[in-house]
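A.B. asks: First, the structure itself, so that you have it in front of you.
The values are calculated or read from the model by the stated rules, or taken from the named source; none is laboratory data. Everything numeric here is computed off the predicted structure, so don't read it as measured data. Virtual Cβ from ideal backbone geometry, glycine too; neighbours counted across all protein chains shown. Accessible surface is based on the protein model in full, side chains and every heavy atom, while ligands, DNA and RNA are left aside. Shrake-Rupley method; radii C 1.70, N 1.55, O 1.52, S 1.80 Å.
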Amino acid sequence: MSSNHVNSQNMKLEVVVFGVSDVDRAKAFYENLSWRLDIDVAEGGDFRGVQMTPHNSEASIIFGKGVTPAEPGSAYSLVLAVGDLDAARDDLIARGVEVSEVFHYAAGPFNNAVENPRVGGRDPQGRSYFSFASFEDPDGNSWLLQEIQTRLPGREWQLTRARATDVPTLADLLRETAEHHDHYEKKHAEHHWWDWYAPYLSARQNGGSPEEAAAAADRYMEVVFHVLSR
């Protein structure tokens, strides 16, 4: 299989969907962690979708009613990368969350194939990726805190970002955004232009093509109009 990424399309893990038995209880649990509430939408009595995002994360979670056939509590070892495991653990405990003691895996990260895979205490060599703690939400969906202080080479994508401090670059990007927004504005209901600009600019600054950015802005406006119509 080729490892050439030159012509690969941008793909980001955006959302993890899992089941809960009580939507309000789950929402309150994650709000208590100070996770951002992105949307809470209900359709009749059969559907409700809640999306929330951990602080500074590019991936979100979705749970609710009618969103997945997965059983409540069936999500296992969802991973949250943290720079300081002790600080993250202390913060959760202060919020009333039951968190395990720090541990490492006897046979290496995520290797549960051996007997008694988890060993108490930090990784003896103090390596990034090797020290963990765990907790669960009220339904038993389980999370792992994984300490990553230094990422291994090749573990971060090199994104093409617009330089916000480069005035000519920013001006050109704003001109481009205005041109794409003009096409959208002519075909859609009255709206605030900044609601469309923000997701477009964000997508372009994170390496998306103009077409991908316009699609992202259109999707965001669908959410805005949906919320306003409720």
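A.B. asks: What is the sum of charges, Lys and Arg at +1 and Asp and Glu at -1, for the other residues whose Cβ falls under 13 Å from the Cβ of residue 29? Don't skip to the end; give the middle numbers.
C.D. replies: Working: positive: 25, 27, 95; negative: 22, 24, 31, 98, 136, 137, 139.
With Lys, Arg at +1 and Asp, Glu at -1, the net is -4.
A.B. asks: Ordering 148, 61 by how much accessible area each has at a 1.4 Å probe, largest first, what is the list?
C.D. replies: 148, 61
A.B. asks: Another one. Count charges around residue 101 for me, please; just the other residues with Cβ under 12 Å from its Cβ, Lys/Arg as +1, Asp/Glu as -1.
C.D. replies: +1
A.B. asks: I would also like to ask the following. I want the local charge near residue 81. Using Cβ-Cβ distances under 12 Å, sum +1 for each Lys or Arg and -1 for each Asp or Glu among the other residues. Provide the component values of the computation, followed by the final result.
C.D. replies: Values: positive: 151, 155; negative: 58, 84, 147, 156.
Charge balance in the 12 Å sphere: -2.
A.B. asks: May I ask you to derive the relative contact order of the range 1-120, considering only C-alpha pairs under 8 Å and at least 6 residues apart, and to give it as an integer percent?
C.D. replies: That works out to 22 percent.
A.B. asks: Enumerate the residues in the range 194-211 having an amide nitrogen under 14 Å from the point lying 7 Å beyond the Cα of residue 174 toward its Cβ.
C.D. replies: 194, 197-198, 201
A.B. asks: Would you mind telling me the antiparallel percentage of the DSSP bridges in the chain, rounded to 5?
C.D. replies: The answer is about 75 percent antiparallel.
A.B. asks: Roughly how many Å² of residue 197 are accessible to a 1.4 Å probe, to the nearest 10?
C.D. replies: Spelled out: residue 197, probe radius 1.4 Å, area about 40 Å².
A.B. asks: Ok, one more. With the contact rule set at Cα under 8 Å and sequence spacing of 6 or more, what percent relative contact order holds for the chain?
C.D. replies: Numbers: 325 pairs, mean separation 33.6, N = 230.
This gives 15 percent for the chain.
A.B. asks: Using only the Cα atoms of the chain, build the gyration tensor, take square roots of its eigenvalues as a ≥ b ≥ c, and label the shape rounded, prolate or oblate: rounded if a/c is under 1.5, else prolate if a/b is larger than b/c, else oblate. Numbers along the way, then the final one.
C.D. replies: Details: a/c = 2.32, a/b = 1.43, b/c = 1.63.
Verdict is oblate for the chain.
A.B. asks: Using a Gaussian network model on the chain with a 10 Å cutoff between Cα atoms, which of 198, 59, 171 fluctuates the most?
C.D. replies: 171
A.B. asks: Tell me the mean residue ellipticity at 222 nm calculated for the chain from its helices only (DSSP H runs of n ≥ 4, each -39500 (n - 2.57), averaged over every residue, nearest 500).
C.D. replies: -10500 deg cm²/dmol
A.B. asks: Moving to a separate point now. Among 35, 214, 193, whose Cα sits farthest toward the positive end of the charge dipole of the chain (+1 at Cβ of Lys/Arg, -1 at Cβ of Asp/Glu, about the Cα centre)?
C.D. replies: Farthest along the dipole direction, towards plus: 214.
A.B. asks: Follow-up. Cα gyration tensor of the range 27-79, axes a ≥ b ≥ c as square roots of the eigenvalues: rounded (a/c below 1.5), prolate (a/b > b/c) or oblate?
C.D. replies: Oblate is the answer for the range 27-79, as a/c is 1.5 or above yet b/c matches or exceeds a/b.
A.B. asks: Is the shape of the range 73-145 best called rounded, prolate or oblate, per the rule: a/c under 1.5 gives rounded, else a/b larger than b/c gives prolate, else oblate, with a ≥ b ≥ c the square roots of the Cα gyration tensor eigenvalues?
C.D. replies: It is oblate, given that a/c is not under 1.5 and a/b is not larger than b/c.
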